[in-house]
Every structure is written in structure tokens, then in C-alpha cells.
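Report on the structure given below.
The values are calculated or read from the model by the stated rules, or taken from the named source; none is laboratory data. Keep in mind the model is a prediction, meaning the values are calculated, not measured. For neighbour counting, all protein chains shown are included, and Cβ atoms are generated from backbone atoms with ideal geometry for every residue, glycine included.
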Amino acid sequence: MMRSTQTSNSAMDAAILVMKDLCKTYHLGSVELRVLKDINLAIHCGEYVAIMGPSGSGKSTLLNMIGCLDRPTAGDYLLGGRSVASLEDDQLSLIRGARIGFVFQSYNLISQLNVVENIAIPMYYQGFSEQASVQRARGLATLVGLGERLNHRPTELSGGQQQRVAIARAIANDPLIILADEPTGNLDSASGTEILAILDRLHEEGKTLIVVTHDEHVATKAKRIIRLFDGRIDRDEFNER
Amino acid sequence: MTVFRVKRIVRLGIKSLWMHRLRSTLTTLGIVFGVASVIAMLAIGEGASRDAQERIAQLGSRNIIVKTVAPPEDQSAPGHQRILNEYGLTYDDAERFQNSIPGIQVIVPNRRLSQQAFYRNRRVPVEVIGTVPWYPSISPVRPRFGRFLTVTDMRYKQSVCVVEEGLVRDLFGVDDPLGQDVKIAGDYYRVVGIATTQNRAASEDKDLSPARKTGGANLGGIYIPLTTVKNHFGEVATQTGPATGSTMQRIELQEIIVQVRSIDRVLRTRQSVQALLALSHKKNDYEIIVPLELMRRARDVQRIFTLVLGSIAAISLLVGGIGIMNIMMATVSERTREIGIRRALGARKRDIVIQFLSETLLLTLFGGIVGIVVGSAIPFGVSYFGNMRTLITPGSLVLAFGISSAVGLVFGLYPAYRAANMDPIESLRHE
């Protein structure tokens, strides 16, 4: 089923993430590179969305935009009802820390810290006390099945375990959106299935998930698939399994 | 809460530094040596300065010493035989000072003569100092046993003497000197006291003390009332030299020491003394020594000395700081990805700055502490093996520590700033 790219105003109000005519242009010397063109998008609370598209379609840029790592050149971006398109760097940091949970393809754990300390990083930057954040980090580690490995370093864990730590870290501050960039890209299929199961569980608990992937198998887990092509939303459809 | 934060930042910093122990240690060495050299150099400089100042202070900071010197034309006119040279300070000079310069507290006119002292079968070369009973008030000389000269000794031209402590063993051996008679130039003098110099530093190195130069550096002194000296020795001395032949010299006083009431009068009084002497002395047969001026000059020289030493030490600290900056730059680019992760997880630029700055500060503060320990040990070695006086002032420790933290701050700021301003997206992609 095709879904209209034009979203009604009332729907926008309820949406957790709204992009309006969002554009991103890079200037490489004299060449102008329009990576995102007039993106209009609304994602509602509790949705499980997969973003797909070939390389160079603007997936990563859209992801960075959603994750507040980058600012749009034009258009508006509302996150949780608040415009973040023109915020200061410090405020963007705050939003990244408090409202967005990142899960990366290559886990991106900090190698000199152990499991608990890695999970506690986002809480630290939000000003939680050490005691509170360590306690919560332990709980989250147990939740993703790493209760036995609290003091292990990332190098002592398998890829699947590392990705579970990364997921625990992503939900540490109870964010509005969990943003996963190819979460199973570096994993064997067994570990990948485990990770997808955890993401499913988070979705069932009511979290909003946005997963960027190449993998149709991963995408089929999602309830809605947005396909990008050449910087535009090509198709935006609900996934009917 | 902030305490928690600081604790965590410090712990995180130590953890990161600990991961590269060798690198951190080598980096710190630059600061260690810098701080150590600052402390050691300041300690050596301060010790030398204190030494010089104490020696000069022995001369008395409120004193003005006027000394007789042979006028230049006399020294350069050989061939004249048996000429009576009359020069030097006179009793009139002393009186003039007393009468016409305000603010003078004490005037001590002195005669100094090189003589031989005899006791039983011993013969010791001595410096006879004809002086006044109030000599101790302008010098560090004090009676240790017996008494010093008195006004009565002066008035009645008594044949009494006070012997300097250093002479006692040479002249009297194991005898108790008090009450003994010493023969000098045919006359006998009864020993009434033994004098000691209050501070050791000055008595050990007489060569630096101009007041003592006339008598020869190693001669012990025997104090005899000025009037007695005048009576027994007269004022004419015959000098026989190979080049000059035989010369007669008439010198009334070898020195006059003027003490003023307060230190701020010293320089004014010196001018008055000079003016008075210029009026009555046609020949340039005197010199004026102002210990206060010497002290100031010594202090100035010391300041330059300290400045030079300090600059050398500061340069080594600078080099150490540049080394640290270099390593921190390497660390930052090595940890680009970590920076990107932290930025994605909510770290503000400020947080990144604090993280890297605290690592640099930890390095330099640790280096500073080790440097203080090493730098405090060096002066002891110098004192022990080099036989030099050294002095570690608390100020130099604070300074060295302050400099090392300042170095950490200055040289850590740029790498930290670079780290904070990396583009999070680029950093996350960094391999």
C-alpha cells in the first residue's frame, strides 16, 4: 500500500519525528552535491521502520539527520514536537544523548572501558550520578543477556555480545528513537537473529525503532519500509508479512 | 555531584594513560626534568645569594665603613727614599663626622697593625686592632669569655687585650688565656677576654669581607684599646720593600665605621661622609664601603643569575610541554573514533575538551610531583658533593608546580580543542 508523502497536520502533531521539505546539500569545491531532496516524513511513536536504498541514495545522510549529527540545509525537522534544525551544537549533543539511542554496524564500543562502563556513557553525559548509572547499566546488561560479563572488555566479547552491549547502551537514557545502522551487518546469521530478536522485543515494549539496512531479511522484520532513491523517498509502505 | 564528575574524569584519564604506560612515562619525563631543573637551579641560586647576603650583613647593614688606602701617586713613585708619607683617615675625620652629620649613632675609629704576638716560646702573626669599647655594637664580634674592652681601659691606656677565639689554640695551646700576658712589639698585654664572631658563615670566609682584608685573610685579631695602641705604637710605621726601599708612613686610623640610626639614612649619610672627606682630603687616600649597597648589588647580580638559570629551566619545561602537546595530538587522532562515539552518545564539545585536557593535566601534574621530588634531591647532592650552600624555598616548589600545571593547561588546550571540534560524522567513519 502506498502511503502519501504529504502528511496531514493532525498526523504531524502526533508524530514523534517529522521532516518537512528537508534538503541537504554538500559543497565539494565548486560542485554542489544535493544528497537529500525535499524529504517529507513522519514517524509515529512505537513504529518499527526500516530505511532501505542503494549506496549513494542518501541513507547515511538521512540517518545522520535523524540522529541530529548533522543539520539540514533547508526544511524543518521536528523531534518530539521540537524543531531541531537550527539548534546549537551543545543542544544537539543534549538531544543525541537524551532522545536518541544509536546502534552502529561496527558496535563502536570504547575499548578501554568494560561492559558496564560502556553502557553508562550516555547516562554520564546526562549528569546521572555514578552510583545510579552503574546500577542501571548493570540492569540493562542483564536485560540483554550479559549479566555474567559485566566487567569484560569489548575485546573479550563476541560480535553478537558487543552488539548487545551497544543496544543496552542505546536504551540507557530511555530515548524516543532507537537508530540502528546496519545492526547485523558485521554479524553471522545466528548472532544477527539474536540481535533482531532483541530489537523485536524492544518494539513490542513500545520503543520506536528506525533501522537502516541493505538486508531484505532485516527489513521484513519492520512494520514499515521507506525506500530511498537518489536523495528522495521513492517508496514508503507498510510491510505486510 | 561535581565531585563525582571530577573523580570519574580523573579515573577515566588515568585509565587511558595507563593503557599507554610507556608513552605516558616518556612524555612525563620532559616535565619531570623541567620541573626538577627549575627547583634545583633556584635552590642553588638562592643558596649562593643567601650566603653572599649573610656575609655582607655581617658588615652591618646600617654601617658605613671608611677605610684608609694608599693614595695612587705614592704607589707609583718609587726611588724616593725615606720619605714620610702622611695619609689616611685621622681622628679629626672621626670628630668631624660626629659633629656635622646628623643621625649618626656610633662611630668606631680603628687602627690595624700587623704584628707578632709572643706567649712563652710561641710566636704567632696577628692583626692588632686598636679599637674602642663600643666596637661590638657595630660588628658581630662578642666577648665569649671574660669581657671586651672598657671605657676605663681606654681612658687609662691600659695594657689589656681581647683575643679572638681562633687564635687561642695557636698562641696558648692548652693554657687558659684569661689573665695571661701576651708580648707584642716589646710590650706586655694582659688578656681580659676572648672574642667570638657571632655567625660562622662570615668567619669562615673572610676573603669576602672587605673590612678584614687589610689584616690579611688568615690572621687572628687581638683587640687593644685605641689609646693604648696610639701610645705604644705611635703613628709612624716603617715599611721596607725591595722596590721602594724604606718608606715611612704616618697613618692615624685605618678605618672609621659609622653606624646610622636607621637603614633609610644610610645612603644620605654616605653622601655626607663623602662630602666631608672630600673637603679635608686632597689625596684620594680613602674608600667608602657601604654594606647596604654591596647587599643591593649582590641582590641585583643574584636576580640576573636567577633569571638566567630560570630561563634555561623554563626552556626545558617548554620543550617538555611541546613534547606533551605532540603526544596529545597523536592521542587525539588515534582516538578520533572514540571522540565520534562519545559525541554521538551525547558528549558536548566541552565534555571532550575536559576529557583530553584532564589527561594532559594529569600527565603534567604527575610529572610536576615527580619533578619536585627529584628537584629537591638534587640540591642535597650538590650541597653534599659540591660543598655549596643550597636553599629550597617553598616559593620555588609552588612556582615549579604552578608552571607545570600551566604547561599542561597551555599545551593541552590545543589538542583538546582539536578533539572537540572534530566532525562527529567524520570521526565515526574514522578507522
When you check residue B:11 against the structure, is it at pLDDT 80 or above and within 14 Å of another protein chain (Cβ to nearest Cβ), yes or no? yes
Kindly evaluate residue B:338 against the criterion of being assigned to a helix (DSSP H, G or I) and in contact with a Leu (Cβ under 7 Å, 6 or more places away or on another chain). no
All but one of (1) under 20 Å from residue A:39 (Cβ atoms); (2) at the interface with chain B (Cβ under 10 Å from one of its Cβ atoms) hold for residue A:81; state the number of the condition that does not hold. (2)
Mind listing just one residue for me: the one in the range A:140-155 that is without any contact (Cβ under 8 Å) to a residue 40 or more places away in the chain and loosely packed, with under 14 Cβ neighbours inside 10 Å and, of those, nearest to the other protein chains (Cβ to nearest Cβ)? A:151
For the range B:71-84, state whether one or more residues are within 42 Å of the chain's Cα centre (by Cα), surrounded by 17 or more Cβ atoms within 10 Å (Cβ to Cβ) and modelled with pLDDT under 85. yes
Suppose we keep only residues that are in a loop (DSSP other than H, G, I, E, B) and within 10 Å of chain A (Cβ to nearest Cβ) within the range B:399-431. Which one would you say is nearest to residue B:42 (Cα to Cα)? B:421
Of the conditions (1) part of a strand (DSSP E or B); (2) within 30 Å of the chain's Cα centre (by Cα); (3) crowded, with 17+ Cβ neighbours inside 10 Å, residue B:136 clears all except one; give me its number. (1)
All-but-one check, residue A:208 against (1) more than 14 Å from chain B (Cβ to nearest Cβ); (2) surrounded by fewer than 20 Cβ atoms within 10 Å (Cβ to Cβ); (3) more than 27 Å from residue A:151 (Cα to Cα), failing number (2)
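Quick grid of which residues meet (1) under 20 Å from residue A:71 (Cα atoms); (2) surrounded by fewer than 24 Cβ atoms within 10 Å (Cβ to Cβ); (3) free of Cβ contacts under 8 Å to residues at least 12 places away in the same chain; (4) not charged (D, E, K, R):
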{"position": "B:336", "(1), (2), (3), (4)": "no, yes, no, yes"}
{"position": "B:360", "(1), (2), (3), (4)": "no, no, no, yes"}
{"position": "B:376", "(1), (2), (3), (4)": "no, yes, no, yes"}
{"position": "B:393", "(1), (2), (3), (4)": "no, yes, no, yes"}
{"position": "B:399", "(1), (2), (3), (4)": "no, yes, no, yes"}
{"position": "B:405", "(1), (2), (3), (4)": "no, yes, no, yes"}
{"position": "B:410", "(1), (2), (3), (4)": "no, yes, no, yes"}
{"position": "B:426", "(1), (2), (3), (4)": "yes, yes, no, no"}
Tell me yes or no: at least one residue of the range B:306-319 is over 23 Å from residue B:405 (Cα atoms), buried (at least 17 other Cβ atoms within 10 Å of the Cβ) and assigned by TED's automatic domain parsing to the domain that holds residue B:391. no
Out of B:24, B:16, which single residue is closer than 30 Å to residue B:309 by Cα, modelled with pLDDT of 80 or more and within 14 Å of chain A (Cβ to nearest Cβ)? B:24
Subset of the range A:23-58 (residues that are loosely packed, with under 14 Cβ neighbours inside 10 Å and either of a type in the set (D, E, K, R) or part of a loop (DSSP other than H, G, I, E, B) (or both)): A:29, A:30, A:32, A:54, A:55, A:56
Somewhere in the range B:341-351, is a residue in contact (Cβ under 8 Å) with a residue 60 or more places away in the chain and away from chain A (no Cβ under 14 Å)? no
Would you confirm whether or not the range A:101-114 contains a residue that is part of a loop (DSSP other than H, G, I, E, B), within 9 Å of chain B (Cβ to nearest Cβ) and touching a strand residue (DSSP E or B) at 6+ places or on another chain (Cβ under 6 Å)? yes
Could you grab me the full set of residues in the range B:25-44 that are over 32 Å from the mean Cα position of the chain (by Cα) and buried (at least 22 other Cβ atoms within 10 Å of the Cβ)? B:27, B:28
